[in-house]
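J.: What follows is a single structure, and I will ask about it in a moment.
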């Protein structure tokens with residue numbers, strides 16, 4: 001768990017438990033059984049393996065309805081097209097994989113709900129790349145039906161925003177309340193095992209004071225996983241700094257009033273001083289070194305935004321993606337997020353104002 005010890009420069013913490021709108025009850029929980037990590041059962045890779053198992057069975061009786069391309073290489077769009085297509089055997093094959101995956105997802109949710117930090121959860125949103133498809137939506141919906149039919153009075157539904165945008169929009173809920181008094185936008189970063197995304201998030205407070213209309217004004221993406229050779233950590237940081245510097249210039253030209261704030265979502269367990277304790281193994285280079293502090297590097301490279309010193313705040317990427325749902329979860333006391341991608345990100349929240357009676 002994180003602490004809420006403030007950073008010296010900003011007066012607020014990296015990876016704080018207590019945020020302006022919610023308390024982070026748990027995040028980055030790594031549940032394990034004799035078979036391995038529970039989250040491995042519901043990764044993007046796991047879905048493709050389930051699909052491949054079904055295809056292998058059908059190949060014994062005739063041609064593969066999905067052709068010769070390996071399951072790992074089938075795009076989300078192609079699977080969605082197959083699902084809605086005119087070939088009943090091909091669409092039925094994809095449906096079969098969806099059903100098996102949904103059963104696994106329901107089982108994983110049940111395991112999370114047994115953990116202390118996840119007890120009494122009233123709703124879960126599912127984000128990550130898997131949620132950005134019709135296949136993903138159906139698997140999530142089917143898992144929700146399985147859970148409710150099993151007696152759990154709890155919602156399970158896809159994240160509201162596109163997951164790439166949610167990972168940026170959530171940063172507005174890392175910022176202290178005073179930020180919104182004189183500014184209309186802020187910088188956000190979403191660091192992942194495949195790519196790094198940076199963007200300007202417009203708060204749109206005049207349209208919705210609760211930040212529910214916050215939206216990505218502009219973003220840039222760098223797929224470091226496609227680079228040969230694999231970039232070093234310093235090269236990745238330099239690239240991120242260049243992206244942010246470009247976004248600052250663009251926002252200035254568009255007459256946006258950027259807050260002196262950069263919110264960052266990053267995989268793993270983030271320490272209060274901004275270092276990464278563990279969980280950054282898929283990032284380019286060694287991000288878990290005690291001598292590496294991304295927040296400090298960014299603050300040094302972009303010391304001021306407008307007339308004020310730059311504040312940089314980091315948190316776990318699943319937490320930040322979940323925070324994008326804050327304005328839309330006010331009817332609940334305790335809720336969480338699961339992000340399905342290369343692995344399974346997770347976070348559970350208690351809405352502020354109800355935490356005194358949360359138990």
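J.: Pick from 339, 333, 275: which is surrounded by 24 or more Cβ atoms within 10 Å (Cβ to Cβ) and within 23 Å of the chain's Cα centre (by Cα)?
T.: Working: 333 fails: surrounded by 24 or more Cβ atoms within 10 Å (Cβ to Cβ); 275 fails: surrounded by 24 or more Cβ atoms within 10 Å (Cβ to Cβ).
Of 339, 333, 275, the one residue that is surrounded by 24 or more Cβ atoms within 10 Å (Cβ to Cβ) and within 23 Å of the chain's Cα centre (by Cα) is 339.
J.: Please work out if residue 31 is within 19 Å of residue 347 (Cβ to Cβ), modelled with pLDDT of 90 or more, touching a helix residue (DSSP H, G or I) at 6+ places or on another chain (Cβ under 8 Å) and surrounded by fewer than 17 Cβ atoms within 10 Å (Cβ to Cβ).
T.: In short, yes.
J.: Also, I was wondering about something else. Need the failing condition index for residue 337 against (1) within 24 Å of residue 112 (Cα to Cα); (2) in the same structural domain as residue 207 (by TED's automatic domain parsing); (3) in a strand (DSSP E or B), just the number.
T.: (2)
J.: Go through segment 79-91 and give me each residue that's loosely packed, with under 15 Cβ neighbours inside 10 Å and in a helix (DSSP H, G or I).
T.: The answer is 81, 88, 89.
J.: Of all residues in segment 185-208, count the ones that are assigned to a loop (DSSP other than H, G, I, E, B) and out of contact with any helix residue (DSSP H, G or I) (no Cβ under 9 Å at 6 or more places or on another chain).
T.: Total satisfying the criteria: 3.
J.: What are the residue pairs meeting all of these: first residue in segment 18-29, first residue more than 13 Å from residue 322 (Cα to Cα), second residue crowded, with 18+ Cβ neighbours inside 10 Å, Cβ atoms under 6 Å, and 6 or more apart or on different chains?
T.: Pairs that qualify, where the first residue is more than 13 Å from residue 322 (Cα to Cα) and the partner is crowded, with 18+ Cβ neighbours inside 10 Å, are 29/346.
J.: Please determine, by comparing only the residues of segment 99-118 that are farther than 16 Å from residue 345 by Cα and touching a helix residue (DSSP H, G or I) at 6+ places or on another chain (Cβ under 6 Å), which one is surrounded by the fewest Cβ atoms within 10 Å (Cβ to Cβ).
T.: 100
J.: Would you pick out the residues in segment 282-304 that are within 20 Å of residue 262 (Cα to Cα) and free of Cβ contacts under 8 Å to residues at least 12 places away in the same chain? Write out each step before concluding.
T.: Applying the first criterion (within 20 Å of residue 262 (Cα to Cα)) to segment 282-304 yields 283, 287, 292-304.
Scanning segment 282-304 gives 300, 303.
J.: Only one of these conditions is not met by residue 65: (1) surrounded by 14 or more Cβ atoms within 10 Å (Cβ to Cβ); (2) at pLDDT 95 or above; (3) closer than 22 Å to residue 344 by Cα. Which number is it?
T.: (3)
J.: Sort through 262, 270 and tell me the only one that's buried (at least 19 other Cβ atoms within 10 Å of the Cβ), within 18 Å of residue 215 (Cα to Cα), touching a strand residue (DSSP E or B) at 6+ places or on another chain (Cβ under 7 Å) and touching a residue at least 60 places away in the same chain (Cβ under 8 Å).
T.: It is 262.
J.: Looking at segment 211-228, is at least one residue within 21 Å of the chain's Cα centre (by Cα), within 20 Å of residue 24 (Cβ to Cβ) and buried (at least 20 other Cβ atoms within 10 Å of the Cβ)?
T.: yes
J.: How many residues does segment 156-178 contain that are within 14 Å of residue 128 (Cα to Cα), over 14 Å from the mean Cα position of the chain (by Cα) and in a loop (DSSP other than H, G, I, E, B)?
T.: Going through segment 156-178 one residue at a time, the tally reaches 0.
J.: Could you say whether any residue in segment 139-148 is modelled with pLDDT under 95, closer than 18 Å to residue 329 by Cβ, touching a strand residue (DSSP E or B) at 6+ places or on another chain (Cβ under 7 Å) and in a helix (DSSP H, G or I)?
T.: There is no residue in segment 139-148 that is modelled with pLDDT under 95, closer than 18 Å to residue 329 by Cβ, touching a strand residue (DSSP E or B) at 6+ places or on another chain (Cβ under 7 Å) and in a helix (DSSP H, G or I).
The values are calculated or read from the model by the stated rules, or taken from the named source; none is laboratory data. Everything numeric here is computed off the predicted structure, so don't read it as measured data. Virtual Cβ from ideal backbone geometry, glycine too; neighbours counted across all protein chains shown.
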